[in-house]
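The values are calculated or read from the model by the stated rules, or taken from the named source; none is laboratory data. Note that the structure is predicted; figures quoted are calculated from it, not measured. No Cβ is skipped: glycine too gets one built from the backbone with ideal geometry, and neighbour counts run over all protein chains shown. These accessible areas exclude ligands, DNA and RNA; they are computed on the full protein's heavy atoms, side chains included. Shrake-Rupley method; radii C 1.70, N 1.55, O 1.52, S 1.80 Å.
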Amino acid sequence: MKKLCLIICILLGMTMQAQEKETLVLIKTTMGDIKVKLYNDTPLHRDNFIKLINEGWYNNSPFHRVIKNFMIQGGHNQDGTVDPGYRIPAEFRSNHFHKKGALAAARQGDQVNPEKASSGCQFYIVQGQVLTEAHIQMYQQRYGMTFTPEQIETYTTIGGTPHLDGEYTIFGEVVEGLDVVDKIAAVKTAAMDVPVEPVTMTIEILK
């Protein structure tokens, strides 16, 4: 009986570990690779991103909007399609914020999208800037924001874009390749923040 209970406990433990395991994806760009983990507590965004990757949506897709010290955005299909025809309900989580390396879903503005639903394919990776205590105080006063000790520590060390918190769904983060994010963010851009020299990507699931 004890042996049976032990086996059951082991199996339950293995099941829980499997459920908690986060999906890793590799964004292979013309300027280097970026490894990202997808959060399990934003399952709608996670599953949609995996679906699009498996369908090849992002094969040779461009980073079409790049703003230094802010973010790099991609999501177009190779043929130029910018929208798969649906949106994803917002999945805001207080434990996720716009630190450097955050992976988040782009969306239409509040005027036409008051529920803040995400684009079905457009995403961005935060570069941001390192903030000072004065910046933190400014955000608190101007936007009425409240920062946790973790947020303050993160925003004043690795940086980010706190004014986006609570406005866009964050569904993953970079675990390797922040230097590549910096390289892409530094490219020369033309009108509408489009890179002068195209920066493209292909995304794959890491097993």
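Using a probe of 1.4 Å on the protein chains alone, the accessible area found for Thr157 is around 80 Å². Counting only Cβ charges, +1 for Lys and Arg and -1 for Asp and Glu, the dipole size of the chain around its Cα centre is about 400 debye. Volume of the convex hull of the chain (Cα atoms only), normalised per residue: 161 Å³.
Computed from the Cβ-Cβ distance with R0 of 35 Å, the FRET efficiency linking Gln140 to Asn59 stands at 0.25.
Net charge in the neighbourhood of Gly128 (other residues with Cβ under 10 Å of its Cβ; Lys, Arg +1, Asp, Glu -1) is +2. Neighbours of Glu55, meaning other residues whose beta-carbon lies under 14 angstrom from its beta-carbon, give a summed charge of -2 when Lys and Arg score +1 and Asp and Glu score -1. A compact globular protein would have a Cα radius of gyration near 2.2 N^0.38 Å; the ratio found for region 71-122 is 1.22.
Within region 116-207, the proportion of C-alpha pairs whose separation exceeds 18 Å stands at 58%. Phi angles of region 68-81 translate, via the Karplus equation with coefficients 6.51, -1.76, 1.60 and θ = phi - 60°, into HN-Hα couplings of 4, 6, 9, 6, 10, 10, x, x, 5, 6, 4, 7, x, 5 Hz per residue; Gly and Pro are given as x.
Residue by residue, region 49-56 carries 3J(HN,Hα) couplings of 4, 4, 4, 5, 4, 5, 7, x Hz when phi is fed to the Karplus relation 6.51 cos²θ - 1.76 cosθ + 1.60 (θ = phi - 60°); x denotes Gly or Pro.
Spatially, region 46-97 and region 116-139 are offset by 16 Å when compared through their Cα centroids. In a GNM of the chain with a 10 Å cut-off on Cα contacts, which of Ala191, Ala106, Ala117 has the highest mean-square fluctuation? Result: Ala191 has the largest fluctuation of those listed. Accessible surface of Val180, taken over heavy atoms with a 1.4 Å probe and every protein chain present, rounds to 10 Å².
Mind checking which lysines have their C-alpha under 30 Å from Lys35, skipping anything on the same chain fewer than 8 residues away? Cα-Cα hits under 30 Å: Lys21, Lys51, Lys68, Lys99, Lys100, Lys116, Lys183, Lys188, Lys207.
Give, as ranges by residue number, the residues of region 63-105 whose backbone N falls under 13 Å from the point 7 Å along Cα→Cβ of Ala190. Residues passing the 13 Å test: none. Rolling a 1.4 Å probe over the protein heavy atoms of the chain, with every protein chain left in place, gives an accessible area that is 55 percent carbon and sulfur. Probing with 1.4 Å while keeping every protein chain in the model, the per residue accessible area of region 83-167 equals 50 Å². Each residue was assigned an accessible area with a 1.4 Å probe, and for Lys183 the value is about 100 Å².
The angle between the Cα long axis of helix 2-20 and the main principal axis of the chain comes to about 10°, on a 0 to 90 degree scale.
Between amide H atoms placed 1.01 Å from N, distances below 5 Å from Ala90 occur with Ala117, Ser118, all of them 5 or more places distant or on a separate chain. Comparing Asn54, Gly177, Gln151 along the charge dipole axis of the chain, the residue lying farthest to the positive side is Asn54, per the Cβ-charge model. 3J(HN,Hα) along region 164-172, derived from phi through the Karplus expression 6.51 cos²θ - 1.76 cosθ + 1.60 where θ = phi - 60°, amounts to 8, 4, x, 10, 9, 6, 9, 10, x Hz, with x in place of Gly and Pro. Between Gln78 and Gln129, the simple label model (points 7 Å from Cα in the Cβ direction) yields a spacing of 3.8 nm.
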